[in-house]
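Remarks on the structure that follows.
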Amino acid sequence: MATQKMLKFVNVSKEMPEKRPANLRAQDFHEIYREYAAEKAAEQASRCSQCGVPYCQSHCPLHNNIPDWLRLTAEGRLQEAYEISQATNTFPEICGRICPQDRLCEGNCVIEQSGHGTVTIGSVEKYITDTAWENGWVKPIKPAVERTESVAVIGAGPGGLAAADVLRRKGYQVTVYDRYDRAGGLLTYGIPGFKLEKPVVMQRIEQLESAGVSFVLNCNVGVDLSFDAIRGQHDAVLIATGVYKIREIEAPGVGAKGIVKALDYLTASNRKSFGDEVPEFDSGELNAEGKRVVVIGGGDTAMDCVRTAIRQGAQSVKCLYRRDKANMPGSQREVQNAEEEGVDFVWLSAPKGFTGGESVEGVMVQKMRLGAPDATGRQSPEVIEGADYVEPADLVVQALGFEPEAIPTLWGVPELAVTRWGTIKADFRTHATSLPGVYAVGDIVRGASLVVWAIRDGREAGEAIAAYLKQAEVVAAE
Ligand SMILES: Cc1cc2nc3c(=O)[nH]c(=O)nc-3n(C[C@H](O)[C@H](O)[C@H](O)COP(=O)(O)OP(=O)(O)OC[C@H]3O[C@@H](n4cnc5c(N)ncnc54)[C@H](O)[C@@H]3O)c2cc1C
Ligand code: SF4
């Protein structure tokens, strides 16, 4: 039975090479996997009770028509399922892989809530769209009319790309600027390949390129090209630059060699998977192989770091978090994955400093307990005096989260309004900023958030920009 065969090898899909039987050829595996995936998708889809109160749909930020595409999948009508799925989601195969479904659609499945285990909505969404790509059902983007107006998109992450897709389909000329050498934003360089395979992202970028979207890469707006110059060249501008300023640990010894930033660590690993030269990886600076690794933080970025370190062959991987498991900000599913893979969680622990000289040798840990709830109702961690100890470490990864860069200052546009957190102020429906013809979406507006929210914002902003350009056309004609 294909299912049994696959269940035996299920960890192969997580790139855990030690689990791969020596005689299993990639081609065999692919075939077994396809058969298994088809069977599994139909089985899961048929579990949907068509409950009539689709909380899954209302808890999906894109309001995907989940019950309908589950029903069609159960009936074997995959192409129709794909058509419905892609009508509301620009990148369904990406969301199916990396949405924290336990907090969104699947967490609100009626079957899950009645204690019978959720329908695995994300896996079915991934399966439908992967099948659509394989069978040529994903059509090239061909605008019915060409329009002369042009739109600049600053930032080639999911928010910017979703807007570019909407605008190009309507015939607008779209140029996407990004400071990296590849498009995709955190889809390309942040999220690890074992969660989101890079060819899956690249095929979407190629689809946009083939449709006539121009990409200007290695272009750091505000440094290589001014924001004013971009505004002068285009009829509308979308800012989708994400959040990249890291929250750094302030503790004695933090400057030592071996204490690195999460995004540097993950980017190096992702670049290697593209076959790039990465001297910091090759020198061992950003490679966990054979090391005692301590990751500091409790969010999804921290989970990606610990799971990457396991795959790189670390001697041990510990995750230090100042609250307990129940109060972690990251997805519980990700914590479970990490635990199953051998990550050791050290709850209620915070770094007080680092031991060693030029290179780090350990983390001075202070033990915490949860005290009274603060104004938000969340219990604040308090130090337990006299319980400090040293956790040995050769590599320490700081994964405490990200904040927005000071865009108005960096780009010399003080009139671009920001919130007190430094995120760009934008209308929550149209995504219009304080500057006429300038829109903003994704993390730079929401703060560190999710891919699916960036896609939703990008789709809405694409529509709003098109309406703005149409209106401008009407005014010009009068
Ligand atoms: C390690 C990590 C793992 C994550 N895992 C998940 C996950 O599993 N699931 C999930 O839903 N979300 C995840 N997220 C969050 C998710 O990646 C983001 O919410 C999402 O990518 C935001 O999209 P965006 O388009 O707003 O910005 P980004 O994806 O950050 O893209 C912004 C782009 O703007 C470019 N840019 C910035 N400044 C400039 C400039 N001055 N000039 C030119 N270009 C510029 C950047 O180079 C980048 O390419 C993760 C985040 C991180 C950091
Ligand atoms: S986009 Fe995300 S939340 Fe919506 S159905 Fe897909 S996996 Fe679930």
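The values are calculated or read from the model by the stated rules, or taken from the named source; none is laboratory data. Here the structure is a predicted model, which is why all the values come from computation and not from measurement. Note: ideal-geometry Cβ built from the backbone for every residue, glycine included; neighbour counts use all protein chains shown. For accessibility, only protein heavy atoms count, side chains too; no ligands or nucleic acids. Shrake-Rupley method; radii C 1.70, N 1.55, O 1.52, S 1.80 Å.
The helix-only estimate of mean residue ellipticity at 222 nm for the chain, built from DSSP H runs of length n ≥ 4 each weighted as -39500 (n - 2.57), is -11500 deg cm²/dmol after division by the residue total. At 1.4 Å probe size, with no ligands or nucleic acids counted, give the accessible surface of TRP347 in Å², nearest ten. My reading of the accessible area for TRP347 is about 60 Å². DSSP assigns beta bridges within the chain; of those with both partners inside it, close to 35 percent run antiparallel.
With both residues required to sit in region 265-381, DSSP beta bridges show an antiparallel share near 55%.
In the assembled protein chains, LYS325 presents an accessible area of approximately 80 Å² (probe radius 1.4 Å). The mean sequence separation of alpha-carbon pairs under 8 Å and at least six residues apart, normalised by the residue count of region 125-246, gives a relative contact order of 34 percent.
Taking a point 7 Å out from the Cα of VAL53 in the direction of its Cβ, the residues of region 102-134 whose backbone N falls within less than 12 Å of it are 109-111, 113-114.
Between the beta carbons of LYS261 and ASN327, assuming R0 = 41 Å, the FRET efficiency works out to 0.95 to the nearest 0.05.
Over 31 Å apart at the Cα level, from the set LYS142/LYS272; LYS425/LYS470; LYS126/LYS325; LYS261/LYS325; LYS139/LYS425; LYS142/LYS470, are LYS142/LYS272; LYS139/LYS425.
With the simple spin-label model, which puts each label point 7 Å out from Cα in the Cβ direction, the ALA476 to ALA211 separation comes to 2.2 nm. Only protein heavy atoms count here; on that basis, with a 1.4 Å probe, PHE354 has an accessible area of about 20 Å².
Length gained on full extension, GLU358 to ASN218: 47.1 nm, using 0.36 nm per residue less the C-alpha separation.
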